[in-house]
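A short reminder: the numbers here are calculations on the coordinates, not readings from a lab. Because the structure is predicted, anything quoted here is derived from the model rather than measured. We place every Cβ from the backbone using ideal geometry, glycine too, and count neighbours over all the protein chains shown.
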Amino acid sequence: MDPSADIKPARLTRSLLGRSRQGALATLTPGSGDPYCSLVNVASLPDGAPILLISRLAVHTKNILADPRVSLMLDERVPGDPLEGARIMLAGIAEEAEGDADLLKRRYLAAHPSAEDFVGFKDFSFFRIRPKGVHLVAGFGRIVDLAPKDFLTDLTDAEALVEAEPDIVAHMNADHTDTMNLYAVKLLNSTDGEWRCTGCDPEGLDLQDDRRTLRLDFPERIVTPAALRQALKGLADRARSLPSP
């Protein structure tokens, strides 16, 4: 399948990157080169690249420091047969993150609030995975290989939005919880809950209620806070106009 002929694979990949909270991380054992797989918590940067908070005492961290090549599997965790849900295998290079400490911490803790204590431990560090490609399985006969340019969110000219993200998230969670619940129920076919905003980027808004996560795609690319306000108002108006499920 040619990804350029159908934007849905790219959008689905971005959605999985934005709303996944756990994944299977495969690393390479030094010396033997044997594969080693472990369960890790994940978050994402504004462009969708995965973030890990891992201990240097863990086997997977020691493996990464010896050979940074990794793969990360993320899936939709759908009820029933898990093979019926969409999933991606992201191949990339894991690097200990340098710079952007506030962004990494904020993004990760928005997804995993209970991890705040670990951030202060000396043996824990943030790692980012620089994607080399994604293998997407989106259902029977829907298997696509995507290059980073096809699925990472383009942040060109979106500096103002990225810089304003902390204020946007705080504002949404303080003043618009009803609206986020409306988005979840009316636009994303979910159920009522204590939905909160965990992040935003030019392509969409990330929502979370405990272990449940959702991705609200914008109708068009957004690069400024002002445009975001208009888009969110339009989505709220649309949601209110829809009949109750």
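Quick notes on this one:
- Listed residues 71, 57, 121: farthest to the positive end of the dipole of the chain (Cβ charges): 71
- Projected area, mean over directions - region 133-179, Cα convex hull, nm²: 5.6
- Region 187-213 and region 105-183 have Cα centres spaced 12 Å apart.
- Summing Cβ point charges (Lys, Arg +1; Asp, Glu -1) relative to the Cα centre of the chain gives a dipole of roughly 380 debye.
- Take each peptide in 104-110, 41-47, count the other Cβ atoms within 10 Å of every residue, and average; sorted highest first, the result is 41-47, 104-110.
- Label-point gap, in nm, between residue 83 and residue 11 - each point 7 angstrom along Cα→Cβ: 2.8
- Annotation for residue 188 and residue 117: the two label points, set 7 Å from Cα along the Cα-Cβ direction, are 2.9 nm apart.
- Mean ellipticity per residue at 222 nm, deg cm²/dmol - from DSSP H runs of n ≥ 4 across the chain, formula -39500 (n - 2.57): -9500 deg cm²/dmol
- Semi-axes of the equivalent ellipsoid for the chain, computed as √(5λ) from the eigenvalues of its C-alpha gyration tensor and ordered from largest down, come to 30, 21, 17 Å.
- Compactness of region 1-118 - radius of gyration and Dmax, Cα, Å: 15.2, 45
- Annotation: amide H of residue 44 within the under-5 Å range of 51, sequence separation 5 or more or interchain, hydrogens built in the peptide plane.
- Here is the list for region 133-205: GluC sites (Glu not before Pro) lying in DSSP coil, each with at most 15 other C-beta atoms within 10 angstrom of its C-beta, are 194.
- Listed from fewest to most Cβ neighbours within 10 Å, the set 149, 186 follows the order 149, 186.
- Nearest 10 degrees, 0 to 90: helix 225-241 Cα axis against the chain principal axis: 60
- For region 159-238, diffusion coefficient by Stokes-Einstein and Kirkwood Rh (Cα), 37 °C, 0.692 mPa s, µm²/s: 263
- Sites residue 69 and residue 175, calculated FRET efficiency, Cβ-Cβ separation with R0 45 Å, nearest 0.05: 0.50
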